[in-house]
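The values are calculated or read from the model by the stated rules, or taken from the named source; none is laboratory data. The shown structure was predicted, so the numbers you read here are calculated from the model rather than taken from an experiment. Here Cβ is always computed from backbone atoms with ideal geometry, including for glycine, and neighbour counts include all displayed protein chains. These area figures cover heavy atoms from the full protein model, side chains too; ligands, DNA and RNA do not enter into them. Shrake-Rupley method; radii C 1.70, N 1.55, O 1.52, S 1.80 Å.
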Amino acid sequence: MNAPGAGGQELSWLPSANLPGADFPLANLPYGVFASSVGPTLGVALGDRILSLRAALAGGEFAGLPEAVHAACAAPALNPLMALPASLRRGLRQRLHGICVAGAPHPERLESMLAPQQDTRMLLPADVGDYTDFYASCDHAANVGRLFRPDHPLLPNYKYVPVGYHGRSSSLGAAPEVIRRPCGQRLGPKGESEPPEFGPSRQLDYELEVGVLVAGGNPRGTSIPLAAAEEHIFGLCLLNDWSARDIQRWEYQPLGPFLGKNFATTLSPWVVTAEALAPFRCPPRPRPPGDPAPLAYLDHPGDRAHGGLDMTVEAYLATAAMREQGFAPLRLSRTNLLVLYWTLAQMLTHHASNGCPLRPGDLLGTGTVSGPGPDERGCLLEITQAGRQPLTLPNGESRKFLEDGDEISFRAWCERPGVGRIGWGECRGTILPAAQPLQPA
Ligand code: MN
């Protein structure tokens, strides 16, 4: 018998996993990939440590599990694990739980396989083939729509179609990382009465999002019914969709986001699995009265019962001066994934509804998670009203958009009385000055 911890959680033999408020208790066991002397290596976060799956495999800790699980644990990315049937993934998770739980027979064997997280460089968790970013927060869509198109902020398709665009997987990076300010075409001070200029973005922004990593995919020409969509979700990471608003505003019509978005997107290194999230599932927030019901292919009793996820997400800003002067990062927003108009399963089902093949390791972003309240806006475009209401910082600085040296970090967690708490760690990125703009030869 293992005594539950303060939050009702089962304890590990590793003390740091049992601390109140720990992001990585035994109940979490998120997967990531870290750099080691033998190349990219799968790891599991426990407390303040990383357990190497390659070392655990070599040490015989996964004896008796199927060969496909062994091969996945030795791979340099999570894709082979994501491709396994859910039953095999659950088997590995149970084994990891069994060797990490307090009272496990040989904890001393595992100690040499643990590395401190703070000394470890994390890599992208998956080899992401395709990346799609949705627009699932109705509040975000309406807030941005009002700024870009005051006459008709929310387009008539919004409440029927989970809107998205295809992103660029080559621009993904693992946190913590530095982001170079992009250059691009943007309108000058006189607007459309003059030709656009080319130069460093003056309206660099972040977007607070959650990323869904796809498990087993679907062959081209087939779809994924909503009732089966959850089986195609491997887990969730945090996602910062860095956005250059001036470039975006000039280029986005008629085909949508392009170079204002695809210069950099930062992912948290840890992927919290669907199994770890199960205790925090709940009904999605009901649609406002008068809104249309989803079309039949986007409706299912299971999704109505537990398609939601009670997940708190936060964004923080620390400027270079704030860090130098010892100011704590300023919280810019705190909201919950339950504000989304579409469930993760609805987005996934819609994506494959035309026969588009999804593959293990594909990434779906939720879009900026913004709620209805003033403290729930997930990007500076909304917070400063496109720069019209600058934000005052604790050290007296102000911001309309991000400046060089600014650092944005996201945190997120799920918590329920009697169940406990699991978190994602941090997703941090820092802005570097633009490279010299391209000049004609
Ligand atoms: Mn986005």
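Using the Cα atoms of the chain to build a convex hull, what is its mean projected area in square nanometres?
23.8
For the chain, what % of the accessible area comes from carbon and sulfur atoms, probe 1.4 Å?
55
Using only the alpha carbons of region 257-416, determine the length spanned along each of the three principal axes and report them from longest to shortest in whole angstroms.
So the three principal-axis extents are 53, 35, 32 Å.
Using label points projected 7 Å from each Cα along Cα→Cβ, tell me how many nm separate Arg202 and Ser223, to one decimal.
Label-label distance for Arg202 and Ser223, simple model: 4.7 nm.
Can you tell me what percent of all Cα-Cα pairs in region 26-137 are more than 20 Å apart?
Distances greater than 20 Å cover 40 percent of the Cα pairs.
Run down the lysines and flag those whose C-alpha is under 25 Å from the C-alpha of Lys400, throwing out any fewer than 8 positions away in its chain.
Correct list for Lys400: Lys190, Lys261.
Can you compute the equivalent ellipsoid semi-axes for region 138-214, i.e. the square root of 5 times each eigenvalue of the Cα gyration tensor, sorted largest first and rounded to whole Å?
25, 24, 11
Do any GluC sites (Glu not before Pro) in region 226-289 lie in a loop, going by DSSP, with at most 14 other beta-carbon atoms within 10 Å of their beta carbon, and if so which?
Here no loop site has a sparse enough neighbourhood.
To the nearest 20 debye, what is the magnitude of the charge dipole of the chain about its Cα centre, counting +1 on the Cβ of each Lys and Arg and -1 on the Cβ of each Asp and Glu?
Result for the chain is approximately 280 debye, rounded to the nearest 20.
Any idea of the accessible area per residue across the chain, 1.4 Å probe, to the nearest Å²?
I get 43 Å² per residue for this part.
For region 290-340, just list the percent of Cα-Cα distances falling in each 5 Å bin from zero outward, please.
Once binned at 5 Å, the Cα pair distances of region 290-340 give 5, 15, 14, 14, 12, 10, 8, 7, 6, 7, 3, 0.
Dipole size in debye (nearest 20) for region 217-278 around its Cα centre, Lys and Arg Cβ +1, Asp and Glu Cβ -1?
My answer is approximately 240 debye.
Limiting things to C-alpha atoms, what are the Rg and the maximum Cα-Cα separation (Dmax) for region 359-431, in angstroms?
Answer for region 359-431, Rg first and Dmax second: 15.9, 48 Å.
Measuring from label point to label point, each 7 Å out along Cα→Cβ, what is the Ala435 to Ala63 span in nm?
5.2
Along its principal axes, what span do the Cα atoms of region 208-275 show, with the longest given first and each in whole Å?
Cα spread of region 208-275 along its principal axes, largest to smallest: 40, 31, 16 Å.
Dipole of region 228-336 (Lys/Arg Cβ +1, Asp/Glu Cβ -1, origin at the Cα centre): which of Leu298, Phe263, Thr319 lies farthest to the positive side?
Thr319
So the label point goes 7 Å from the Cα of Ala142 along Cα→C-beta, right? Which residues of region 282-312 then have their backbone N under 17 Å from it?
285-293
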